[in-house]
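Scroll down for the structure; my scribbles are underneath it.
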Amino acid sequence: MSVLHVVSVSGGKDSDATLFLALNRYPKSRVIPCFADTGNEHDAVYEHLDYLEAALDIKIVRLKANFERQIARKRLFIARDQRTGRDDRGRKLRWSNKSKRRALEALHPTGNPYLDLCMWKGRFPSRKAQFCTQELKRDLLVNFQMDLVDAGHRVVSWQGVRRDESLNRRNAKLFERLNPRLYAYRPLVDWTAQQVFDYLRERRLIPNTLYKQGMSRVGCMPCINANKNEIAQIAARFPGHIQRIAEWERLVCAVSKRGFATFFNKELHTDKGNDQHVHATNCIESVVDYARTTRGGKQYGLFESHIDVSECASAYGLCE
Ligand code: SF4
């Protein structure tokens, strides 16, 4: 029985350093770098994966979720829906004929995991219902590792997690036994972000270029948890991503029962009972407008609305 080291690669600095540590410690034949493609990535992520493959002479396994089956089942469900009754706000529970027609026309797999997931669910993920991480990343990686376990290997899952990254991660363990033949190893738990950059620099590995373009982390572009400044940076530097989200909102609205769905859930509204109002204040265009303002959203910022896209805006001072 061999021990395999599966490294979760995201295109960010922490997973770069983790991968480098694994390759330094074990032969390449026992290290399997894995990337879960959400379909909501910046091109710089794919370019960085190509760069890693060339620089380290490795092959990164690229995983991608597929929701064709779930979408086919949902189409059947909508077409046959006959439920009666009302929800706690007195709204009809069943799909109206109009909403059925609208949804069935739009609800087809696109091949983009993020969009297909949201169309299947009829909504976007939110901080309280962060199903994107589970469906697009965690499940894929766990299934991949369990297949190796079932094939008779012991598997060590290398994860580039740092305790100072967020409150959720403050208790992350260095080593953990997840099941009799699957272990988690997090070699960076006590590192700071700056230590990671220093480590990469010393080994002449170039971090993802997104760090020089205002992004403090590499992940979905945008992430549902992006803060005001990140949204303003994305809108200024990568407007195509904002347009794509606007198109996704149109499609997910079309397949949702009430006809409303927004990518961000920023609570920019007070009237939660009025879907139309909530949608108008939370849709991507409104959130971008809000992100360009200062002082609680009341005043347009002199800096945020005039971001110089040619300048390095790295939150880590990479150009210092
Ligand atoms: S990066 Fe954000 S949007 Fe993407 S899967 Fe993670 S939580 Fe969801």
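The values are calculated or read from the model by the stated rules, or taken from the named source; none is laboratory data. All values reported here derive from a predicted model rather than from experimental measurement. Cβ sites come from the backbone with ideal geometry, for glycine too, and all protein chains shown count toward neighbours.
Structure data summary
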| item | result |
| --- | --- |
| Residue in segment 233-251 that is assigned by TED's automatic domain parsing to the domain that holds residue 282, part of a loop (DSSP other than H, G, I, E, B), buried (at least 17 other Cβ atoms within 10 Å of the Cβ) and under 17 Å from the mean Cα position of the chain (by Cα) present | yes |
| Selection from segment 165-186 of residues that are outside any loop (DSSP other than H, G, I, E, B) and touching a Phe, Trp or Tyr at 6+ places or on another chain (Cβ under 8 Å) | 175, 176, 177, 183, 184, 185 |
| Top-ranked residue of segment 188-214 - restricted to ones that are aliphatic (A, V, I, L, M) and either assigned to a helix (DSSP H, G or I) or not assigned by TED's automatic domain parsing to the domain that holds residue 8 (or both), ranked as surrounded by the most Cβ atoms within 10 Å (Cβ to Cβ) | 210 |
| Whichever residue in segment 97-133 is surrounded by fewer than 14 Cβ atoms within 10 Å (Cβ to Cβ) and within 11 Å of the ligand (Cβ to nearest atom) and, among such residues, is nearest to residue 3 (Cα to Cα) | 130 |
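Per-residue answers, yes or no, for (1) outside the structural domain of residue 181 (by TED's automatic domain parsing); (2) in contact with a helix residue (DSSP H, G or I) (Cβ under 8 Å, 6 or more places away or on another chain):
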site	(1), (2)
12	no, no
17	no, yes
26	no, no
33	no, yes
38	no, yes
41	no, no
72	yes, no
75	yes, yes
79	yes, yes
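Yes/no per residue for (1) in contact (Cβ under 8 Å) with a residue 12 or more places away in the chain; (2) of a type outside the set (A, V, I, L, M, F, W, C); (3) within 16 Å of the ligand (Cβ to nearest atom):
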| residue | (1), (2), (3) |
| --- | --- |
| 160 | yes, yes, yes |
| 180 | no, yes, no |
| 184 | yes, no, no |
| 187 | yes, yes, no |
| 190 | yes, yes, no |
| 196 | yes, no, no |
| 206 | yes, no, no |
| 260 | yes, no, no |
| 275 | yes, yes, no |
